[in-house]
Amino acid sequence: MTRDTATAHQRVPQSAPQTEQRVGTHDEAADQVDRWLAIAPDGQVTVFSGKVELGTGIATALAQIVAAELRVPLERIDVVMGDTVRTPDQGYTAGSKTIQLAGPILGRAAAAARAVLTERAATRFGVPVERLVSGDGAVHPQGSEERAITYGELIGEGFGRAFDPDGPVPPAVEGAVSVVGQSAPRVDLLGKLTGDASFVHDLRLSGMLHGRVVRPWRRTPAGIGATVASVDESPVTGLRGLV
């Protein structure tokens, strides 16, 4: 992933059309941080994206954007994609525009999430938010790293915070360059290399049938509107499962 694609969420023009700005408009809860992110007690972060990995590396790139905004190591981020139960409805995935369109909303959600965690830490420490530092998945007062409280300790029942999916893109955060714009191991490659990844061709359901499309013998005007007169089934007669 190049620096240009990874930082696209920082450069989307604010005058862009509404459909280009808000990728989660199909989802009624798109303005809730909890719709996009979750943090477990052990600090592991789960990102929910309605886009799907088609081999372009977007799972890794989106994780990098969230890691930069949350200030969490990349290896602590898991990405759930295209799960119609768990992820927001972001329409189809096409045109190599996921980083341009889906990246900004995740960046905004992650920035809002970090703000929630910092505010909770400020309450615990009894200090202003401005005197706190976020890093490595934890928050601590300036100059007192030994007093750090992890995100897992601060998350509680969730974020419970709304944010503006169409709002200003968060400015680049200090230290983000160590994650965004840098090469990172592709999270989708290992399964593809070992054969563990499942594709639609691997899907097997009980009672599933396979069909064959029969088209006119030639694609000419003479074939348009043609109907099947007869089918020679002799080559497949006797095959198991033939219907």
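Looking only at residues in the range 95-148 that are among the hydroxyl-bearing types (Ser, Thr, Tyr) and within 16 Å of the chain's Cα centre (by Cα), which one is surrounded by the most Cβ atoms within 10 Å (Cβ to Cβ)?
THR98
Given the condition modelled with pLDDT under 85, in a loop (DSSP other than H, G, I, E, B), buried (at least 20 other Cβ atoms within 10 Å of the Cβ) and small (Gly, Ala, Ser), answer yes or no: does some residue in the range 11-20 qualify?
No - not one qualifying residue is present in the range 11-20.
Of everything in the range 42-71, what is part of a loop (DSSP other than H, G, I, E, B) and either modelled with pLDDT under 95 or under 14 Å from the mean Cα position of the chain (by Cα) (or both)? Give them in sequence order.
GLY50, LYS51, VAL52, GLU53, LEU54, GLY55, THR56, GLY57, ARG71 - these are the residues of the range 42-71 that are part of a loop (DSSP other than H, G, I, E, B) and either modelled with pLDDT under 95 or under 14 Å from the mean Cα position of the chain (by Cα) (or both).
Say whether the condition of being acidic (Asp, Glu), part of a helix (DSSP H, G or I), out of contact with any Leu (no Cβ under 9 Å at 6 or more places or on another chain) and over 26 Å from LEU62 (Cβ atoms) is met by at least one residue in the range 141-160.
Yes: the range 141-160 contains one or more residues that are acidic (Asp, Glu), part of a helix (DSSP H, G or I), out of contact with any Leu (no Cβ under 9 Å at 6 or more places or on another chain) and over 26 Å from LEU62 (Cβ atoms).
Would you mention how many residues in the range 184-229 are farther than 30 Å from VAL79 by Cβ and modelled with pLDDT under 85?
Qualifying residue count, the range 184-229: 20.
Just a yes or no: is a residue in the range 34-42 free of Cβ contacts under 8 Å to residues at least 24 places away in the same chain and under 27 Å from ARG147 (Cα atoms)?
No, because not a single residue in the range 34-42 is free of Cβ contacts under 8 Å to residues at least 24 places away in the same chain and under 27 Å from ARG147 (Cα atoms).
Can you name every residue in the range 114-171 that is over 17 Å from ILE39 (Cβ atoms) and among the aromatic types (Phe, Trp, Tyr)?
Across the range 114-171, the qualifying residue is only PHE125.
Take the conditions in contact with an Asp or Glu (Cβ under 6 Å, 6 or more places away or on another chain) and either assigned to a loop (DSSP other than H, G, I, E, B) or under 20 Å from GLY43 (Cα atoms) (or both) and apply them to GLY181. Does it pass?
The answer is no for GLY181.
The values are calculated or read from the model by the stated rules, or taken from the named source; none is laboratory data. Since the model is a prediction, treat every value here as computed from it, not as a measurement. Positions of Cβ are generated from backbone atoms using ideal geometry, with glycine treated the same way; all protein chains shown enter the neighbour counts.
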